[in-house]
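The next block holds one structure in the form of structure tokens; read it before the comments.
The values are calculated or read from the model by the stated rules, or taken from the named source; none is laboratory data. Since we're looking at a predicted model, the values are computed, not measured. Using ideal geometry, Cβ is built from the backbone for each residue, glycine included, and neighbour counts are taken over all protein chains shown.
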């Protein structure tokens, strides 16, 4: 299902294969002035393409390569001739069929491979200019888009909570902290997240997220420095493993969050 909501000149399109929108099983893309930020999962690709029939979409920018952000690329390019753009590191990943865990296949589905062009420092539409902000951490190919004149920042999966309790195996929390500080410094007026939250004047929430992660990171490093294993650190800081771990075959877990602080920045 799709739910479209207008925020100024931006249309948010939240999508899920379920008959209702739920956190964790839905994702949001954004349409503005002919540009689509992300294209969503495979299970809703046909529905999204139908929705966009009369919307004059010209460009799709993928914030990163994950399967819930790229899967309508191919059908939109075939049907409407849209251009596809992504970080150079994302291109080979998006152009191949990914290996998915069972939960990913069930919730999002397998994307049809597509091949974006490498994105530059900015993207222009008929009336707007979007600066491209490299923001690694959630993945190494993650980018955000900023329309400075309107104060709009599209942040993909960089920000979804002020108190993260789980992470994916590939995440690097020190990079996430640096990326959050980077977008906070841009002073966005509206923050558009892939999780579906649109946050007005997000400075305080971004600061909360940074402070929480920095404090948590120091605790992780301190306990690890005493010789505790990642599992023992997780037990000290979070107790039992988060239920999300079992549902995602270990992909979203508190142990992964601990390990993400033990990587180099």
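With over 26 Å from residue 201 (Cα atoms), surrounded by fewer than 22 Cβ atoms within 10 Å (Cβ to Cβ) and touching a helix residue (DSSP H, G or I) at 6+ places or on another chain (Cβ under 7 Å) as the only criterion, which of 17, 93 stands out? Lay out the reasoning, then the answer.
Numbers: 93 fails: touching a helix residue (DSSP H, G or I) at 6+ places or on another chain (Cβ under 7 Å).
It is 17.
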Condition check for residue 153: in contact (Cβ under 8 Å) with a residue 24 or more places away in the chain, within 13 Å of the chain's Cα centre (by Cα), crowded, with 24+ Cβ neighbours inside 10 Å and not in a loop (DSSP other than H, G, I, E, B) = yes
query = So is residue 15 touching a strand residue (DSSP E or B) at 6+ places or on another chain (Cβ under 9 Å) and modelled with pLDDT under 95 or not?
reply = no
ask   = Would a scan of the stretch 35-46 turn up a residue that is modelled with pLDDT of 95 or more, closer than 24 Å to residue 170 by Cβ, touching a strand residue (DSSP E or B) at 6+ places or on another chain (Cβ under 8 Å) and surrounded by fewer than 17 Cβ atoms within 10 Å (Cβ to Cβ)?
value = no
note = Scanning the stretch 74-85 for residues that are out of contact with any helix residue (DSSP H, G or I) (no Cβ under 9 Å at 6 or more places or on another chain) and surrounded by 15 or more Cβ atoms within 10 Å (Cβ to Cβ) gives 77, 85
query = Under the condition of being touching a helix residue (DSSP H, G or I) at 6+ places or on another chain (Cβ under 7 Å) and closer than 21 Å to residue 103 by Cα, which residue from the stretch 207-244 is surrounded by the fewest Cβ atoms within 10 Å (Cβ to Cβ)?
reply = 241
query = Would you call residue 134 under 13 Å from the mean Cα position of the chain (by Cα) and either modelled with pLDDT of 95 or more or at positive phi (or both)?
reply = yes
query = Given 126, 171, which one is surrounded by fewer than 14 Cβ atoms within 10 Å (Cβ to Cβ) and in a loop (DSSP other than H, G, I, E, B)?
reply = 126
request  = Tell me which residues, restricted to the stretch 49-72, are buried (at least 21 other Cβ atoms within 10 Å of the Cβ), within 22 Å of residue 122 (Cα to Cα) and out of contact with any helix residue (DSSP H, G or I) (no Cβ under 7 Å at 6 or more places or on another chain).
outcome  = 61, 66, 69
key: Of all residues making up the stretch 105-150, the number that are within 23 Å of residue 164 (Cβ to Cβ) and touching a residue at least 60 places away in the same chain (Cβ under 8 Å)   = 9
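Could you tell me which of the residues 118, 88 is modelled with pLDDT of 95 or more and in contact with a helix residue (DSSP H, G or I) (Cβ under 8 Å, 6 or more places away or on another chain)? Show your work before the answer.
Values: 88 fails: in contact with a helix residue (DSSP H, G or I) (Cβ under 8 Å, 6 or more places away or on another chain).
Testing whether each residue is modelled with pLDDT of 95 or more and in contact with a helix residue (DSSP H, G or I) (Cβ under 8 Å, 6 or more places away or on another chain) leaves just 118.
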key: Subset of the stretch 101-115 [part of a loop (DSSP other than H, G, I, E, B) and over 17 Å from the mean Cα position of the chain (by Cα)]   = 101, 110, 112, 113, 114, 115
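Residue by residue, here is whether (1) touching a residue at least 12 places away in the same chain (Cβ under 8 Å); (2) at negative phi; (3) part of a helix (DSSP H, G or I); (4) over 21 Å from the mean Cα position of the chain (by Cα) holds:
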residue: 196; (1), (2), (3), (4): yes, no, no, no
residue: 212; (1), (2), (3), (4): yes, yes, yes, no
residue: 218; (1), (2), (3), (4): no, yes, yes, yes
residue: 221; (1), (2), (3), (4): yes, yes, yes, yes
residue: 236; (1), (2), (3), (4): yes, yes, yes, yes
residue: 240; (1), (2), (3), (4): no, yes, no, yes
residue: 245; (1), (2), (3), (4): yes, yes, yes, no
residue: 259; (1), (2), (3), (4): yes, yes, yes, no
residue: 264; (1), (2), (3), (4): yes, yes, no, yes
